[in-house]
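Have a look at the structure below, then the notes.
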Amino acid sequence: MISKGGNPVIEKSYDFSVRIAKLYRYLCDEKKEYNLSRQILRSGTSIGANVEEAIGGVSRKDFQNRLAIAYKEARETNYWLRLLRDVHFLTQEMFDSLNKDCDEVTRIIFSIIRTSRDNDIKD
């Protein structure tokens, strides 16, 4: 986990990526599931990578576009979590914990996107 006190969306998306990487390892090692696990690994870790790219964006438009991608990846990750739960690769408890974190990151990203676009309208 990264140190606290920095940018919350960077920290939370990174911490979520760590959880997703551990989930991937669990799904492969314990459940012998390789296809869905690759999908959630890709989308779940892409959230934080796109947030990092957004922070380093060269323009407001670049920032907004990267955050929009992160938001879509978070939505996709939510889909894979629900599917993994419904095909019994995740317990309800595991799903609830991961889904709570995914939902939090998704809401933060959406709020930043909305604020950024609202600021565009004011400018």
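Values quoted throughout were computed directly from the atomic coordinates according to the rules given, and no laboratory measurement underlies them. This structure is a prediction, so every number in the text was calculated from the model and none was measured. With ideal geometry, Cβ positions are generated from the backbone for all residues, glycine too; neighbour counts draw on all protein chains shown.
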**Report entry** Residues located in the range 25-73, provided they are among the β-branched types (Val, Ile, Thr) and either touching a Phe, Trp or Tyr at 6+ places or on another chain (Cβ under 6 Å) or within 19 Å of residue 12 (Cα to Cα) (or both)
**Finding:** 40, 45, 47, 51, 55, 69
Requested in this report: Answer yes or no as to whether residue 85 is in contact (Cβ under 8 Å) with a residue 60 or more places away in the chain and more than 11 Å from the chain's Cα centre (by Cα).
Outcome: no
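Among the candidates 55, 47, 69, 10, single out the residue that is under 16 Å from residue 106 (Cβ atoms) and surrounded by fewer than 17 Cβ atoms within 10 Å (Cβ to Cβ).
Numbers: 55 fails: under 16 Å from residue 106 (Cβ atoms); 47 fails: surrounded by fewer than 17 Cβ atoms within 10 Å (Cβ to Cβ); 69 fails: surrounded by fewer than 17 Cβ atoms within 10 Å (Cβ to Cβ).
Step by step, each of 55, 47, 69, 10 is checked, and only 10 is under 16 Å from residue 106 (Cβ atoms) and surrounded by fewer than 17 Cβ atoms within 10 Å (Cβ to Cβ).
Please work out if residue 12 is of a type outside the set (Asp, Glu) and in contact (Cβ under 8 Å) with a residue 60 or more places away in the chain. Even if it seems obvious, please write down each step before you answer.
Working: of a type outside the set (Asp, Glu): yes; in contact (Cβ under 8 Å) with a residue 60 or more places away in the chain: yes.
Criteria met by residue 12.
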Query raised in the report: For the range 100-123, how many residues are in a helix (DSSP H, G or I) and over 10 Å from the mean Cα position of the chain (by Cα)?
Result: 16
Report task. Assess whether residue 97 counts as being touching a Leu at 6+ places or on another chain (Cβ under 8 Å), of a type in the set (Gly, Ala, Ser) and either assigned to a helix (DSSP H, G or I) or over 21 Å from residue 52 (Cα atoms) (or both). Result -> no
**Report entry** Complete set of residues in the range 38-82 that are touching a residue at least 40 places away in the same chain (Cβ under 8 Å), under 18 Å from residue 18 (Cβ atoms) and hydroxyl-bearing (Ser, Thr, Tyr)
**Finding:** 77
